[in-house]
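One structure below.
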Amino acid sequence: MRIASTLMSQDLSNIALSIQSKTSKHVEQALSKTSRNLDDFMALISPAATPYVEEMASQSKMLTRARFGNTMGLFVPLYLANLCANECTYCGFTMSNKIKRTVLNINQIEREIAAITDMGFSQVLLVTGEHEQKVGMPYFSEVIPTIRAKVSNVMMEVQPLPQKDYETLKLLGVDAVLVYQETYNPQEYARYHTRGKKQDFLWRLQASDRIGAAGIDKIGIGALLGLGDWRTDSVMTALHGQLIQQHYWRSRVAISFPRLRQCEGNTNDSANLLTQQFPNETQLLQLICAHRLFNPQAELSLSTRESARFRDGVLPLGITSMSAGSQTQPGGYSAPSEALNQFDIDDTRPVNLVAAAIEAKGLEPVWKDWMAFS
């Protein structure tokens with residue numbers, strides 16, 4: 001596992017010290033370059049770069065428009081199940097929560113897809129809790145063909161799987177697989193994952209090797225900003241994306257920026273996690289721009305975790321795709337309810353208002369990742 005071994009060899013303490021040692025001179029040197037290395041990325045996310053965020057945003061906007069044009073991809077998450085066999089202290093689906101658990105059947109999925117396509121979406125992100133026995137490959141093999149027949153692009157965010165299963169998903173028509181490491185710090189990771197297979201840090205870290213070897217078109221990565229030191233985790237994410245491009249160059253890389261949010265119904269004291277440092281909105285903008293300056297080819301995604309005001313402000317500056325109209329409980333599109341969400345959503349605008357905000361920035365909402373030529 002080439003990527004995982006390189007990531008495991010990194011000294012996180014040295015990375016943290018290197019970030020804090022950066023000065024305005026290092027930031028200016030990084031901004032003056034046309035090609036930047038990981039040390040430059042550290043400078044761009046360092047506290048020393050705070051006064052340079054406007055310049056970073058200007059360069060990031062230019063690079064994004066040059067590579068991706070005046071477009072913004074739109075996708076919607078489709079939650080298939082909220083069953084989970086893990087204990088994660090920051091997630092509403094954690095197994096100890098006394099909530100009604102649901103796995104959508106084919107008829108329910110068809111109603112959800114109808115509601116989603118009625119909103120205009122043709123790119124869908126399939127999400128489940130991590131429960132291999134009840135929401136594993138037999139279930140995926142049953143439902144994905146039905147979904148794939150109705151939309152142009154299928155992404156998945158589920159438990160890490162063996163390579164042979166990713167190969168099967170590719171044959172079923174899955175275009176992208178997202179596996180977020182949550183935090184790249186093994187000690188912090190163990191603190192928040194206290195039960196279940198998700199405790200296996202290395203199995204999760206090796207997932208991108210298995211996804212890449214299976215030939216999946218796009219690999220999504222990211223850290224849950226706030227579980228560990230967000231700057232150190234972001235350096236590891238940047239390195240992770242670079243390694244994917246080097247070793248699995250046929251696959252595109254997508255990076256997401258989820259910030260830790262309060263979740264409903266958690267019997268663990270998840271509120272305590274929110275007292276930890278995580279990036280404020282200015283720092284999140286700085287981070288997005290730093291990723292664009294470091295990796296002009298990467299797709300950068302922003303979810304409805306963030307406010308409408310922030311999303312509207314940042315969308316021209318580096319982001320290439322956004323979720324909209326999100327529901328984070330199974331069945332939430334065809335039968336909206338007050339059921340527990342996986343996490344709190346901030347941007348609750350209807351899809352048409354999100355699309356209008358994109359157009360107001362001079363960008364074109366893109367509802368399909370691709371379409372067949374005839």
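The values are calculated or read from the model by the stated rules, or taken from the named source; none is laboratory data. A quick note: this is a predicted structure, and the numbers were derived from the prediction, not measured. Glycine gets a Cβ as well: all are built from the backbone with ideal geometry, and neighbour counts include every protein chain shown. Remember, those area values only see protein heavy atoms, side chains included, never the ligands or the DNA or RNA. Shrake-Rupley method; radii C 1.70, N 1.55, O 1.52, S 1.80 Å.
Please sort 289-300, 16-27 by packing, taking for each peptide the average over its residues of neighbouring beta carbons within 10 angstrom, highest first. Mind dumping the intermediate values first?
Details: 289-300: 22.4, 16-27: 15.9.
In descending order of packing, they fall as 289-300, 16-27.
Over the stretch 54-123, what portion of Cα pair distances is larger than 21 Å, expressed as a whole percent? Intermediate values should be presented prior to the final figure.
Details: 1367 of 2415 pairs.
Cα-Cα pairs of the stretch 54-123 separated by over 21 Å account for 57 percent.
Where both partners of a DSSP beta bridge lie in the chain, what percent of those bridges are antiparallel, to the nearest 5?
10
In the stretch 86-145, what percent of the accessible surface is made up of carbon and sulfur (1.4 Å probe, ligands and nucleic acids excluded)? Mind showing how you got there, number by number?
Working: 1270 of 2540 Å².
Heavy-atom surface of the stretch 86-145 belonging to carbon and sulfur, 1.4 Å probe: 50 percent.
Let me check something: with ligands and nucleic acids excluded, how do 209, 11, 175, 118 order by accessible area (1.4 Å probe), largest to smallest? Display every interim value, and only then the final one.
Details: 209 0, 11 80, 175 25, 118 130 Å².
Listed by decreasing accessible area, they come as 118, 11, 175, 209.
Starting from the exponent 0.38 and prefactor 2.2 Å, build the expected Rg for the stretch 69-166 from its residue count and divide its actual Cα Rg by it.
So the stretch 69-166 has a normalised radius of gyration of 1.15.
Mind running the shape call on the stretch 108-162? Use the C-alpha gyration tensor, a ≥ b ≥ c as the square roots of the eigenvalues: rounded below 1.5 for a/c, prolate if a/b tops b/c, oblate otherwise. Don't skip to the end; give the middle numbers.
Working: a/c = 2.15, a/b = 1.92, b/c = 1.12.
The shape class here is prolate.
Sort 217-225, 140-148, 125-133 by the packing proxy (mean of other Cβ within 10 Å over each peptide's residues), most packed first. The partial results should precede the final answer.
On the way: 217-225: 23.1, 140-148: 17.0, 125-133: 20.4.
With the highest mean Cβ count within 10 Å placed first, the list reads 217-225, 125-133, 140-148.
Output needed for the chain: three equivalent-ellipsoid semi-axes, defined as square roots of 5 times the C-alpha gyration tensor eigenvalues, in descending order, whole Å. Intermediate results must be reported in sequence, preceding the final value.
Working: eigenvalues 183, 115, 85 Å².
Over the Cα atoms of the chain, the semi-axes work out to 30, 24, 21 Å.
Which lysines does residue 197 reach when only Cα atoms under 21 Å apart count, and residues fewer than 8 places away in its own chain are ignored?
98, 134, 164
With a 1.4 Å probe and every protein chain left in place, work out the accessible area per residue of the chain in Å², rounded to a whole number. Could you put the intermediate results ahead of the total?
Working: 15220 Å² over 374 residues.
Value returned for the chain: 41 Å² of accessible area per residue.
Calculate the radius of gyration of the Cα atoms of the stretch 179-261 to one decimal place, then report Dmax, the largest Cα-Cα distance, as a whole number, both in Å.
My reading of the Cα-based Rg and Dmax gives 12.6, 36 Å.
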